[in-house]
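Each value in this text was obtained by applying a stated rule to the coordinates, not by laboratory testing. Keep in mind that this is a model prediction, so the values were computed, not measured. FYI the Cβ positions are ideal-geometry reconstructions off the backbone, even for glycines, and counts take in every protein chain you see.
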Amino acid sequence: MTFSKEQWRMVMALLMVAVLSTIFLGVTNMLTRAPIAEAERQALMDALMQVLPKHDNDPIQDTRQITLPKHKQATTFYLSRNQDRSINAIAWETIAPDGYNGSIRILMAVRPDGSLNAVRITYHQETPGLGDGIMNLHWLDAFVGKSLTNAHWTVKKDGGDFDQFTGATITPRAVVKAIKKGLEMFAREHSHLLENKKQKVKESNDALR
């Protein structure tokens, strides 16, 4: 099969367009990668500042990775430290898979004693005016100081301690359930999350002397 000069011109023109498009996309990706990464980092920092207590470290750089049961990927835990390097809270994102309109992402921070320091919703698709009440800070503040031992972890309609919304019980029920599971996970991984790795290294070095 042979091509006419006109057909060859069309083929070369299409090839040139494809090459130029690839180069353009590559350059655009290089130019925008750093600003996007910085924007994502700033958004994460802003969210962490809302749930963590006052700290003297950079929690984004001070993390631990744990692969939890039934999780395919490791979960990142952000550590908040006092000036003496002791941990005063740990934050991580958990997911409520059973929201009314899909998954709800929750950023929660827990103190070493297992009580909640603060909770924020980072993503949801719940119905405006109904399920989006989970964004209300007054409702979220009801979780502050709560632990597995000092609260009934269901909504009031089910005999628990947390308010539901008129016409939208499914959404707060899903959030309460997810936060409780997060606290249960923290209790299971407590020693791993709170271990002072630097101190352990120092003790090992001292033992070798």
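Below, the figures for the structure above:
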| quantity | calculated |
| --- | --- |
| Degrees, to the nearest 10: 5-51 long Cα axis against longest axis of the chain | 10 degrees |
| C-alpha long axis of helix 197-208 to longest principal axis of the chain, angle in ° | 80 degrees |
| Amide H partners (placed H, <5 Å) of Y100, local residues excluded | T171 |
| Charge dipole of the chain about the Cα centre (unit charges at C-beta), most positive-ward option of Q50, I106, I170 | I106 |
| Whole-number D in µm² s⁻¹ for the range 63-194, Kirkwood Cα-pair radius fed into Stokes-Einstein, 25 °C, 0.890 mPa s | 162 µm²/s |
| Part-to-part distance (alpha-carbon centres) for the range 103-150 and the range 174-196, which is given in Å | 14 Å |
| Between helix 170-188 and the chain: long-axis angle, C-alpha atoms, 0 to 90°, nearest 10 | 70 degrees |
